[in-house]
1. What FRET efficiency comes out for the pair VAL165/TRP145, r = Cβ-Cβ distance, R0 = 22 Å, nearest 0.05?
2. With θ set to phi - 60°, apply the Karplus curve 6.51 cos²θ - 1.76 cosθ + 1.60 along the range 39-55 and write out the HN-Hα couplings as whole Hz, x wherever there is a Gly or Pro.
3. Could you work out the local net charge near HIS187, counting Lys and Arg as +1, Asp and Glu as -1, over the other residues with Cβ closer than 12 Å to its Cβ?
4. May I ask for the net charge around TRP160, where only other residues with Cβ less than 15 Å from the Cβ of TRP160 are counted and Lys, Arg are +1 while Asp, Glu are -1?
5. Say each of HIS187 and ASP215 gets a label point 7 Å from the Cα, pointing the same way as Cα to Cβ; how far apart are those two points in nm?
6. Explain nothing, just compute: Karplus ³J(HN,Hα) = 6.51 cos²θ - 1.76 cosθ + 1.60, θ = phi - 60°, for every residue of the range 73-87 in order, whole Hz, x for Gly and Pro.
Amino acid sequence: MNHLVSSVPSVVGRLLFLFIGYSCAALGGLLPKLWLRFSALLGAKLLSYFCSAVLHLYPHPSVEIFNVWLRMDLVGICFAVWAPTSVFLDDARLWLLHFACACAVAGSTHRLIDSKLANASESDLKRLDRKRTLRTVINTLYFLWCLVLCGIGYDFQHLWIIGAVIYSIGFFLAPPFSRRYPDMPWHFKGLNGWHEDFHLTVALADLAFIMMAYDVLQAAE
């Protein structure tokens, strides 16, 4: 585990370097302008993965700092959900409007995060209070909207179906639900559990949607 934690900065640094180089190439005209939308997708996903890695892998010196990263993680998820839709909105006004919607969802998510969440017991976390229920509902509706929007843009073809199915599985593996599930035979205490299954599932779905976005932009050239 210590080796995994120590390797995170180098991996994230390399991904960030590639993302910056790719974005500069698009801005400099070495790549078509429409690939800037693909850069937005990669950037939002990278931001979400980075925040999640810091939250879960680094030892936080205080509850206050942990809460900062918890908020960044949950807000980052909102933009990760928005990210694939960036590719399908050709009109700049529609793109900005939908990005504003993502910002509104992220803002509401930030406001609805309970500052006492870090100190909550496992039994408390299994019970969704009013704030967590509202946050879950808002994020679920926005997730479904973005999923359908991507499906319409891709004509609900195979990569969308694969990604949507895996995302749907991941949805029910998310912490608000998985805390109620019993451990499975492949779970080892202190090593992996439902939360790690959730992240793996989301990563596979992200890969399908990134391939879908790449396919769309390749066809548009």
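1. Numbers: r = 18 Å, r/R0 = 0.80.
My answer for the efficiency is 0.80.
2. These are the phi-based 3J(HN,Hα) values: 4, 4, 4, 5, x, 5, 5, 4, 4, 5, 5, 5, 4, 5, 5, 5, 4 Hz.
3. Numbers: positive: LYS189; negative: ASP183, GLU196, ASP197.
Here the count lands on -2.
4. Values: positive: none; negative: ASP155, ASP206, ASP215.
Local net charge: -3.
5. Placing both labels 7 Å along Cα→Cβ, they lie 3.4 nm apart.
6. 5, 5, 6, x, 4, 4, 6, 5, 5, 5, 3, x, 5, 4, 6
Rule-based calculations on the coordinates, nothing more; no lab input. Since the structure is predicted, the reported quantities are computational estimates derived from the model, not experimental observations. For neighbour counting, all protein chains shown are included, and Cβ atoms are generated from backbone atoms with ideal geometry for every residue, glycine included.
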